[in-house]
Structure formats: C-alpha cells, structure tokens
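See below for the structure under consideration.
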Amino acid sequence: MAAFPAVFRRTFQHYIDAGIFPEEWKRQRLDPSSYRPICLLSVLDKVLERLIQRRLKAHLESTGGFADGEYGFRKGRSTMDAITRLDGDWTDYETDEGIVSRSVSASVPRNGKRVQRGGANVLN
C-alpha cells in the first residue's frame, strides 16, 4: 500500500468509509455469444475488493471472529494442521487392550449450508 499513489489511496478510503461500491466499477465486459461467457471485471473493482477482503480478514483474526477449527485460507494454518488435529482426536479412542475405533467419517461441503441440530452439524 505504500507504493500506492495518494489519489488512489484517498479514493479507495473514501469508498470504504462511505460503505459504497461505485456503480461504474460494477460494469463488466461480457460476450453472450461466446461458448463459455466470462465476465472481466475492472482493475479498480478487483483492487477495492482485495482491500476490503484484507481488512475484513485482519479484523476477524484480531477479534476472534474465526472458529478455532477453521483452517482454510488462514495465515499460519494448513491442511496438515487440520489432519494433525483429527489424528489427536483418533488417539483419544485408543486403549491398552488395542485400538477401540480408528474410523472417522467426514464430509466437507464446498458451499453447503451448516445447521446445528441436537449437537450435530447437519448439511442442508
């Protein structure tokens, strides 16, 4: 952000403070006759989105807005951390007589909606 020209910094800060997204920036180029139409957004649109995303993420990280078990797209967290956490849960079920249970079934939705029912997470 230090290399950002002052005029851009003031412009983006104005829109963020006002809580508006300029209509002019929402226009996209689209060719409906294309086999697989792709909307190309403006560079200004992408920059403002990225600034908002970074601020929102920093705010959620600093205020504890993310669940402790959330690993996706978080700085300092990886899929190996999630697997290690699961492995720790599995070892809790081992006894001196042998392994009682070493089976875990997990469903990870991409865009599923989670609903809490009776202590269990259910996907709608």
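Report whether or not D92 is more than 21 Å from the chain's Cα centre (by Cα), more than 21 Å from H14 (Cβ to Cβ), surrounded by 10 or more Cβ atoms within 10 Å (Cβ to Cβ) and at pLDDT below 75. Criteria not met by D92. For the stretch 60-77, the criterion of being loosely packed, with under 11 Cβ neighbours inside 10 Å, at pLDDT 80 or above and not in a loop (DSSP other than H, G, I, E, B) is met by at least one residue.
For the stretch 1-51, filtering for residues that are in a loop (DSSP other than H, G, I, E, B) and either of a type in the set (G, A, S) or modelled with pLDDT of 80 or more (or both) leaves 10.
The values are calculated or read from the model by the stated rules, or taken from the named source; none is laboratory data. Note that the structure is predicted; figures quoted are calculated from it, not measured. Please note: Cβ atoms are built from the backbone with ideal geometry, for glycine as well, and neighbour counts cover all protein chains shown.
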